[in-house]
Amino acid sequence: MRVQRQRLANGMRIAVAPIADLRTTSVILTVEAGQWFEPLGRPGVARLTAQTMLRGTRAKSASVWADAIDALGAVARLDVGAHAAVFGGQCLGDDLAALLGLMSESLRTPALEQEDLDFVRGQSLAQLERDERDTRAVVERVWRTLVYPTTHPFHSPGIGDAEVVRTATVEEIREYHQSAIRPDGAILVVAGAATLDAVVDAANHAFGDWRVFGARPTRDVAEVALAATVRRNEIVPDKTQSDVLIGWPGMPRSDPRFVAARVTNMVYAADTFASRAGNVIRDQLGLAYYVFSGMGSSRGQSPWIVRMGVNPANVRRAIEVALDELRKVTLGEIADDDLSLAKDKLVGELDVALESPGGVASMVLEAELFDLGEDHFERYPKALRAVTKDQVVDIARTFLPPERHAEVVAGPPVPELVA
């Protein structure tokens, strides 16, 4: 895959992946304004800001802006992740300049009025209230409080803390927008019916006069480690299924061991077919409705977790088997076929992703966001294939020690679990 790059005078980075014989383009505009960059002690401000930005601009109401997007036959969405605020869209190649103009207006000159914040606040509080009755949301929220200190960016889910959502002021939202939404932390990725010259021309027209004010905010975050196993049993009324989350603080995406960690994750539990824990727990023993593991990508220690949906009667047994399968990995009990299958699955996922403009854009974004190098797409599948069993064992022992994990169960009472 050929990726062409350029940087605007204001620091905004552009990466273009032309794909022949397409009429559509996939656009991702990301700004380093996710959870990692939120003000200390104010989890939820980043998402509140992003959602309020979609409530209209200084020149267009929310409905007029949305109608302009619809008139292009395009789609656009803005949300906040662990590392970045991501504005994604799709349109015909001929409409790229118009789409970038609408994105620029929403990013640079949002209205950010009190009534807009109140609307988003109401939606967010309603979602937080629903989350308290959702076992999947409960296990994640509680697990984060067990693993990350209160000052850590990942202590709360992306939606934030209810008290922050209730008390955030429009002045606070405007201040965060001005300090965090800036061109020198922005990356524009375009994949599909596009050329570098056309994208740079459209980007200069839409963003060229976007200026930087003040220094970019920085945040020093101490490393997190679990000294021992910690457990919590959360009772959620009127539920018949338990959700289980077992996890550890992971590694930054910039860690050179990250590719080996992805293989380790697949060997262990990322997939029911290609992973040992998923196959044993769900298919062989029938202990869970679903089993999967995942690891985040950010500049910090994003969660590395295993999730299971389990009949309450099977909770303790499912946890024991999940940890026992992990112990086998740490002891090197990995069949050559299992390691090869994990690599095949990951390379196959890469091949599938590269078949669509959206998948290409997402892959390019990861490479640009974490400075993985211009030859990343040539190296990545080779690096996956080159991972050895010894590397998998070392990763599991270092980052997934079975004797030191955080474990949360949410759902109906499970008598044998200690609250």
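With respect to ARG144, determine if the residue is open to solvent by 10 Å² or more (accessible area, probe 1.4 Å), out of contact with any strand residue (DSSP E or B) (no Cβ under 8 Å at 6 or more places or on another chain) and either over 17 Å from GLY34 (Cβ atoms) or not in a strand (DSSP E or B) (or both). Talk me through it step by step, then tell me what you get.
Details: open to solvent by 10 Å² or more (accessible area, probe 1.4 Å): yes; out of contact with any strand residue (DSSP E or B) (no Cβ under 8 Å at 6 or more places or on another chain): no; either over 17 Å from GLY34 (Cβ atoms) or not in a strand (DSSP E or B) (or both): yes.
So ARG144 does not fit the description; no.
Taking GLY300, is it open to solvent by less than 10 Å² (accessible area, probe 1.4 Å), under 16 Å from LEU226 (Cβ atoms) and in contact (Cβ under 8 Å) with a residue 24 or more places away in the chain? Here the answer is yes, as GLY300 does meet what is asked.
For (1) in contact (Cβ under 8 Å) with a residue 60 or more places away in the chain; (2) assigned to a loop (DSSP other than H, G, I, E, B); (3) crowded, with 23+ Cβ neighbours inside 10 Å, each residue gets a yes or a no:
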site	(1), (2), (3)
TRP36	yes, no, no
PRO43	yes, yes, yes
ALA46	yes, no, yes
GLN51	yes, no, no
VAL64	no, no, no
ALA68	no, no, no
LEU78	no, no, no
GLN90	yes, no, no
GLU105	no, no, no
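Taking the criterion of being closer than 19 Å to PHE399 by Cα, open to solvent by 40 Å² or more (accessible area, probe 1.4 Å), modelled with pLDDT of 95 or more and touching a Leu at 6+ places or on another chain (Cβ under 8 Å), would at least one residue in the stretch 253-264 satisfy it? There is at least one residue in the stretch 253-264 that is closer than 19 Å to PHE399 by Cα, open to solvent by 40 Å² or more (accessible area, probe 1.4 Å), modelled with pLDDT of 95 or more and touching a Leu at 6+ places or on another chain (Cβ under 8 Å). Please tell me if THR167 is under 30 Å from ALA313 (Cβ atoms) and modelled with pLDDT of 95 or more. Spelling it out, it is not the case that THR167 is under 30 Å from ALA313 (Cβ atoms) and modelled with pLDDT of 95 or more.
The listed residues are ARG130, ARG174, and the only one of them that is over 24 Å from the mean Cα position of the chain (by Cα), basic (Lys, Arg) and at negative phi turns out to be ARG174. Within the stretch 187-196, identify whether any single residue is within 30 Å of ASP94 (Cβ to Cβ), assigned to a helix (DSSP H, G or I) and either at pLDDT below 95 or open to solvent by less than 50 Å² (accessible area, probe 1.4 Å) (or both), and answer yes or no. Yes, because at least one residue in the stretch 187-196 is within 30 Å of ASP94 (Cβ to Cβ), assigned to a helix (DSSP H, G or I) and either at pLDDT below 95 or open to solvent by less than 50 Å² (accessible area, probe 1.4 Å) (or both). Condition first: of a type in the set (Asp, Glu) and either without any contact (Cβ under 8 Å) to a residue 24 or more places away in the chain or open to solvent by less than 60 Å² (accessible area, probe 1.4 Å) (or both). Now tell me which residues in the stretch 210-237 satisfy that. If the condition is that a residue be of a type in the set (Asp, Glu) and either without any contact (Cβ under 8 Å) to a residue 24 or more places away in the chain or open to solvent by less than 60 Å² (accessible area, probe 1.4 Å) (or both), then ASP220, GLU234 are the ones that fit.
The values are calculated or read from the model by the stated rules, or taken from the named source; none is laboratory data. Please read all numbers here as calculations on a predicted model, not as lab measurements. Counting neighbours? That spans all protein chains shown, and the Cβs are built from the backbone with ideal geometry, glycine included. All accessible areas refer to the heavy atoms of the entire protein, side chains included, with ligands and DNA or RNA removed. Shrake-Rupley method; radii C 1.70, N 1.55, O 1.52, S 1.80 Å.
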